[in-house]
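The structure follows.
The values are calculated or read from the model by the stated rules, or taken from the named source; none is laboratory data. Keep in mind it's a predicted model, so treat the numbers as computed, not measured. Because the Cβ atoms are built from the backbone with ideal geometry, glycine has one as well, and the counts that use them run over all protein chains shown. Side chains included, ligands, DNA and RNA excluded: accessible areas come from the protein's heavy atoms. Shrake-Rupley method; radii C 1.70, N 1.55, O 1.52, S 1.80 Å.
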Amino acid sequence: MTETATRPAALGRYEVVIGLEVHAQLLTRSKMFCPCPADYINAAPNENTCPVCLGLPGVLPTINEKAVDFTVRTALALHCDIPPFTKFDRKNYFYPDLPKGYQISQYDLPLSLNGYLEFPVGGEAVRCGITRVHLEEDTGTMHHAGDVLQSATSSLIDLNRCGVPLMEIVGEPDLRTPEAAREYLVRLRQILTYIGVNDGNLEKGSFRCDANISLRTPGAQELGVKVEVKNMNSFRAVQRALESEIERQTGVLDSGGTLVQETRGWVEAQGRTISQRSKEQAHDYRYFPEPDLPPLRLDAAFVERVRATLPELPEARARRFQEQYGLTAYDAAVLTDTREEADTYEALVAAGVPAKLAANWQSGDVAALANEHHTPLQHSGLGSDGLASLLRLVEAGTINGPTAKELLAELYVAGGNPEALVRDRGLAQVSDTAELSALVDAAIAANPAAAADFRAGKQQALGQLMRAVKDATGGKADMPLVNRLLRDRLSEQ
Amino acid sequence: MTASTITQLAAALRDGSTTPRALLAGAIAHVDRTENDLNAYLAVTRELAEAQADAAAHTLEAHPETASPLCGIPMALKDVLCVNGVDTTAGSKILRGFKPPYTGTAVQRLFDAGAVCVGKTNCDEFAMGSSTENSAYGPVGNPWDIERVPGGSSGGSAATVAAGTVPFSLGTDTGGSIRQPAALTGVVGFKPTYGRVSRYGLIAFASSLDQIGPFTRTVEDCAMVYAAIAGHDPRDSTSDPRAVDDPLASLRAGVAGMRLGIPREYLGAGTEPGVRDAVEAAFRVLEGLGASLQEVSLPSTDVALSVYYIIAPAECSSNLARYDGVRFGVRVERPSLTEMYLQTRDAGFGNEVKRRVMLGTYALSSGYYDAYYRQAQKVRTLVSQEFDAVFKNVDAIVSPTSPSVAFPMGSRSDPLSMYMCDVVTLPANLAGTPGISVPCGFVDGLPVGLQVIAPRFEDSRVLRVAHAYEQATDFHAQLSPYATVAA
Amino acid sequence: MLARIGLSDAEKDRLLGELEAILEHIARLQQVDTSALAETAQVGDLVNVMRADVPEEPIGAAAALRNAPVSDGNYFVVGAIQGAELDG
Ligand SMILES: [Mg+2]
Ligand SMILES: [Zn+2]
């Protein structure tokens, strides 16, 4: 177990011990052990299948090299060791979504071991150990005809998902609060999407999480009775399920009861977990080495080749953003949230937009628009090149802030060239001192009361005068300049 | 044309004295004449065969020079080999009606060469057995004496060649399932090096032991079929990428100067005296051909049987989990899923399959894994090391293929006595070495086989030794009564 | 029952008897000193046998379902799954 920063549990009488197990589908084009397309969502039921993933008699698996590459990439991002020798094993159990009656997985010699993930929770650094990252195949999916499972009369089996490469990331029981568990998942998903191995979709199940949770008296060495919680398909659900489980377990212990080792499922609608399987029903998976697949010997050269494909990870990138671009920690974190976001930011800066200006716009108005239209900048009409030219116009003083805001909103949807548009519509900012001085004089003449108020010390009276100048330029006035000119003129006696 | 060799038929096809259609018709007529007694076939694939014969005729006419020697030659396939759209049962009730949507690699290579598939042959259920009495579709008669077994598990493939119906067939060998029936029916049967012939499309019994190989009348024919099916296949990750050397190139090089080892343990107490006499006579023949023979020792032979009867069942218990009545095969309908599994598998599997699945499940289960499965894997290493040590001193090993000749049907009801059939063949599967059985005599009219084993990838050497012996004797030329039944 | 074979009691008794005899016979394995031996999961020295990530045409649902004992034309169909059978 790795060194852990702990925070007091919600109910201080017990120490909460949480370990998470994540299954993440890999973004390969073909399946793990057969060349069927790995896209199972957009195909008609059972369409993307072949004799291999159907588990027909006589077929044999072949290893998808990209899946091995992706798993090693993940392991490196999580600071794991890559042992020189690894192999696949069969995990044997019967279920209709598992055609062969066994899952090809990894048992005693996984692809990687012994890593960690570090992240802040409430301002405190938490380090959670990663026991292992291994590679296996996904199962098919089942639909139950009838309202609820128990009353279903039949089950329908779709094997499109069967054989999709699945990475299992087993975390150490180093987490002490539901909040830390949630944060661990957020960070893990960020890394997986950053390195391009997973799309991080909890709802669709391409990123799935099971939690092991137990309580013990603070300071105790042994772990308490462990409960496995399943069926959580959002970050929120993970946190709520763990909170409800802590409450339930605390209740049992407080009332002098004993907990049983079991698997419980989170029922979102009821806001509680229900028992699915007790330890007595636990499986004997009879793991043994997969005789149809020769082992893997991943030498240092292979590992280094994969390491070379690793992008800069979010944490390191955020640190660099602070140093290189002078951003605040908050801005740097926001701008490195996804790899696309960070890439966009660096593209803006490379295109000549000052770092601070780019940061303000990207994390402000652009983020709001992306949210509003459910479209990231890269897929908007504007694109990051368009945004760069728009912001260059702002920086050069060609257009003022309000004009830029309006243009941004318009171009985000409709697309177009900001420079051409500013020229064609005559949107360029009025910043000629002589021209503005004349307008300032006219505004003072037209609003004598406001001028008098300001001179008498009412600062807010300036607003009316500013608006008057702004309106006179059709909104194009260089407002900071107008502000200065007004103050100068009004302070003259 | 009954009982002709591939070599003879290939010549006849080229000199115009026969056609693929005529050979096919002759083969099917011979099946019709003999099948009542032999039960060697589970299906005759007439439609497929006719199409293949016509295509072969076309190839022979267009490219007589470059056409494969197998072009237009009738053959049969053990029913554990998948052929697209053709019923494939593995001798089991549970697969009745199953038509694979694909063709396995070795079979496809024969089809590509122009061979004509007469039918699918009977075998022990999922290739588990040494007598072909475990087929769900009835036992196969030995063409030398139909009251006796043809050996197994590839009994149908052996019997149909011994009956002269087809000049070659494919079988599979997990612990001796090609070599032992070849010995018991007086034909040539060859298990290549593990990894030489793709297993893609072979219904798995024990994945780390299974290997496809031919039955033929002569060693030369055997080399031709082997050359056609061997070689790397990207669909089988355990298939070896090394180039295959042409077995025909060295076939006639003889054994003069070769050092041959006779494992003391392979002529143990269980060997029938008649078998011992025939094999010892064969040793003298080899000596006469210039080979030097010496006794060698493979001390773990006895314990190898135990290794085999843990590893093979362990792998099979997992390989046979897919027969669950969900995607193919026969289902016993029950309202609950678990009951459906239980009843489907109880009704679908025969006794020997159940025995091995249970044995293997036990050997892999927690608490027994280390004592059984892991220990067996370690002793398997020892078995291989002993072969390696012996092959430092000799070029090949010669021995009986089976301790006994064909035994009467029903005479070995005790599973253990049946398992003893494989005691001198299964070590080669554990070590992955090539092995062949070639006819070397008769005891009371029943054939005896000589086994030749060489190091891994020395398949050509095995064939070369067997060929030298065969050419010096005429046991292979003797025909079973069913091969001489007049049309 | 891990093997998922529903045996009658009589069948069970007979099979167990046979299995006992077999297990007794293969018990000789335990006498071999294997302390210096590595495990052989498969013969040969192949390693790193992998395939490029290039999709191929699947066989499609119609071919996949053709051998199914029960299907509705889109899915394989099995009977109801009881609570206790959940997740394997
Ligand atoms: Mg898993
Ligand atoms: Zn597939």
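Using a loss threshold of 40 Å², tell me which positions in the stretch A:43-59 are less accessible in the complex than in their chain alone. Probe radius 1.4 Å, ligands and nucleic acids ignored.
In the stretch A:43-59, residues shielded by partner chains: A:P45, A:N46, A:E47, A:P51, A:L54, A:L56, A:P57, A:G58.
Skip the ligands, DNA and RNA, and give the accessible area per residue of chain B with a 1.4 Å probe, whole Å².
Numbers: 13930 Å² over 487 residues.
The answer is 29 Å² per residue.
Defining a contact as two alpha carbons under 8 Å apart and six or more residues distant in sequence, what relative contact order in percent does chain A show?
Relative contact order here is 14 percent.
Please work out the Kirkwood hydrodynamic radius for chain B, using every pair of different C-alpha atoms, and report it in angstroms with one decimal place. Please report the intermediate quantities before stating the final value.
Values: mean 1/r = 0.0453 Å⁻¹.
Final number for the Kirkwood radius of chain B is 22.1 Å.
Looking at chain A, what % of its DSSP beta bridges pair antiparallel, to the nearest 5?
If we restrict to bridges inside chain A, about 90 percent are antiparallel.
What distance in nm separates the two pseudo spin-label positions at A:R29 and A:E410, each 7 Å out from Cα along the beta-carbon direction?
The modelled label-to-label distance comes out at 4.2 nm.
Can you tally the net charge around A:P37? Count Lys and Arg as +1, Asp and Glu as -1, for every other residue whose Cβ sits under 12 Å from the Cβ of A:P37. Each step should come with its number before you reach the end.
Numbers: positive: A:R29, A:K31, A:R161; negative: A:D39, A:E47, C:D53, C:E56, C:E57.
For residues surrounding A:P37, the net value is -2.
For B:H30, A:H373, B:H58, give me the order by solvent-accessible area with a 1.4 Å probe, most accessible first, ignoring ligands, DNA and RNA. If you can, show how the numbers build up before the last one.
Details: B:H30 5, A:H373 65, B:H58 130 Å².
Ranking B:H30, A:H373, B:H58 by accessible area, largest first, yields B:H58, A:H373, B:H30.
For labels at A:E492 and B:L289 in the simple 7 Å Cα→Cβ model, what's the distance in nm?
Result: 12.3 nm between the two label points.
Quick one: buried accessible area between C and A, total over both chains, 1.4 angstrom probe, nearest 100 Å²?
Separately minus together, C and A give about 4000 Å² buried.
Within straight cross-link reach of A:K226, meaning Cα distance under 24 Å, which lysines are found once same-chain residues fewer than 8 apart are removed?
Counting by Cα, and skipping residues close in sequence, A:K226 has these lysines nearby: A:K91, A:K279.
Could you tell me the center-to-center distance, by alpha carbons, between the stretch A:255-279 and the stretch B:382-398 in angstrom?
Rounded to whole Å, the Cα centres lie 59 Å apart.
Additional query: Counting other Cβ atoms within 10 Å, keep those with at most 15, restrict to DSSP loop, and tell me which GluC sites (Glu not before Pro) in the stretch A:180-268 are left.
Answer by residue number: A:E203, A:E222, A:E268.
Which percent of Cα pairs goes in each bin when the distances of the stretch A:166-210 are cut into 10 angstrom slices starting at zero?
Computed distribution, short to long bins: 25, 58, 17.
Which one of A:S244, A:C209, A:G352 is farthest out on the positive end of the charge dipole of chain A, using unit charges on Cβ (Lys, Arg +1; Asp, Glu -1) and the Cα centre as origin?
Projecting each Cα onto the dipole axis, the largest value belongs to A:S244.
Continuing with this model, one more query. Set the Förster distance to 45 Å, then compute FRET efficiency between A:S437 and A:V252 from the Cβ-Cβ distance, nearest 0.05. Please report the intermediate quantities before stating the final value.
On the way: r = 79 Å, r/R0 = 1.76.
Calculated value: 0.05.
Next up: Among rounded, prolate and oblate, which fits the stretch B:372-487 when a ≥ b ≥ c are the square roots of the eigenvalues of its C-alpha gyration tensor, a/c under 1.5 means rounded, and a/b larger than b/c means prolate?
oblate
Using a probe of 1.4 angstrom, how much of the accessible area of chain A is carbon and sulfur, in percent?
Reported share for carbon and sulfur atoms: 50 percent.
Put B:L42, B:L184 in order of accessible area, largest first, 1.4 Å probe: what do you get?
B:L42, B:L184
Relative contact order for chain B: what is it in percent, counting Cα pairs under 8 Å that are at least 6 residues apart? Present the calculation step by step, with values, prior to reporting the outcome.
Numbers: 1235 pairs, mean separation 90.0, N = 487.
Computed value for chain B: 18 percent relative contact order.
Pull out a ≥ b ≥ c, the square roots of the eigenvalues of the alpha-carbon gyration tensor of chain C, then state rounded if a/c is under 1.5, prolate if not and a/b is larger than b/c, and oblate in the remaining case. Can you show the working numbers first?
Values: a/c = 3.05, a/b = 1.26, b/c = 2.43.
Verdict is oblate for chain C.
Report the calculated FRET efficiency for A:S278 and A:E21 (r = Cβ-Cβ distance, R0 = 25 Å), to the nearest 0.05.
0.85
Ignoring ligands, DNA and RNA, what accessible area per residue does the stretch A:312-425 give at 1.4 Å, in Å²?
I get 48 Å² per residue for the stretch A:312-425.
Viscosity 1.306 mPa s, temperature 10 °C: Stokes-Einstein D of the protein assembly as shown from its Kirkwood Cα radius, in µm² per second? Each step should come with its number before you reach the end.
On the way: Rh = 33.2 Å.
My calculation gives 48 µm²/s for D.
Next question. Can you give the calculated 222 nm mean residue ellipticity of the protein assembly as shown, where each DSSP H run of n ≥ 4 adds -39,500 (n - 2.57) and the sum is split over every residue, rounded to the nearest 500 deg cm²/dmol?
-11500 deg cm²/dmol
Next question, about the same structure. Please compute the alpha carbon radius of gyration of the stretch B:300-368, then divide it by the globular-protein estimate 2.2 N^0.38 Å. Two decimals is fine.
1.29
For the stretch A:404-493, what's the relative contact order in percent, using C-alpha pairs closer than 8 Å and at least 6 residues apart?
Across the stretch A:404-493, relative contact order equals 30 percent.
Can you check what the Kirkwood hydrodynamic radius comes to for the stretch B:226-282, Cα pairs only, in Å to one decimal? Walk me through the numbers before you get to the answer.
Numbers: mean 1/r = 0.0647 Å⁻¹.
Evaluated over the stretch B:226-282, this radius sits at 15.4 Å.
Cβ under 13 Å from B:A25's Cβ, B:A25 left aside: what net charge do those residues give with Lys, Arg +1 and Asp, Glu -1?
Values: positive: B:R21, B:R33, B:R46; negative: B:D32, B:E50, B:D54.
That works out to 0.
Still on this model: Taking Rh as the Kirkwood radius computed over C-alpha pairs, what is the Stokes-Einstein D of the stretch A:285-414 at 37 °C in a medium of viscosity 0.692 mPa s, expressed in µm² per second? Kindly include the intermediate steps, with their values, before the conclusion.
On the way: Rh = 17.0 Å.
Once the numbers are plugged in, D ends up at 193 µm²/s.
Out of the trypsin sites (Lys or Arg not before Pro) in the stretch A:377-459, which ones are loop residues according to DSSP with at most 15 other C-beta atoms within 10 Å?
Here the sparse-neighbourhood loop sites are A:K458.
Sticking with this one: Give the ranking of A:E65, B:E61, C:E11 by solvent-accessible surface, highest area first, calculated with a 1.4 Å probe.
B:E61, A:E65, C:E11
Follow-up. With +1 assigned to the C-beta of every Lys and Arg and -1 to the C-beta of every Asp and Glu, and no other charges, what is the dipole magnitude of the protein assembly as shown about the Cα centre in debye, to the nearest 20?
That gives a dipole near 720 debye.
Just the number please: accessible area per residue for the stretch A:433-491, 1.4 Å probe, all protein chains included, in Å².
Normalised by residue count, the accessible surface of the stretch A:433-491 is 52 Å².
Any chance you could list P(r) for the stretch A:433-491, counting all Cα-Cα pairs in 5 angstrom bins from zero, rounded to whole %?
Over the stretch A:433-491, the share of Cα pairs per 5 Å bin runs 4, 22, 38, 24, 10, 2 percent.
I need the shape label for the stretch A:15-304. Rule: rounded when a/c is under 1.5, else prolate if a/b > b/c, else oblate, with a, b, c from the alpha carbon gyration tensor.
Verdict is oblate for the stretch A:15-304.
Continuing with the same structure: List the trypsin sites (Lys or Arg not before Pro) within the stretch B:368-444 that DSSP assigns to loop and that have no more than 14 neighbouring Cβ atoms inside 10 Å. Present the calculation step by step, with values, prior to reporting the outcome.
Values: sites: B:R374, B:K378, B:R380, B:K392, B:R412; in loops: B:K392, B:R412.
Answer in residue order: B:K392.
Still on this model: How big is the C-alpha Rg of the stretch B:114-153 next to the rule-of-thumb value 2.2 N^0.38 Å, as a ratio?
Taking N as the residue count of the stretch B:114-153, the ratio is 1.25.
Tell me the carbon and sulfur percent of the accessible area for chain B, rounded to whole percent, probe radius 1.4 Å.
The nonpolar share, carbon plus sulfur, comes to 51 percent.
Would you mind giving the total buried accessible surface between chains B and C, with a 1.4 Å probe and ligands, DNA and RNA left out, rounded to the nearest 100 Å²?
Details: alone 17430 and 9100 Å², together 21540 Å².
Approximately 5000 Å² gets buried when B meets C.
Determine Rg/Rh for the stretch A:356-417; Rg is computed over alpha-carbon atoms and Rh is the Kirkwood hydrodynamic estimate from the same atoms.
Numbers: Rg = 10.5 Å, Rh = 11.3 Å.
A ratio of 0.92.
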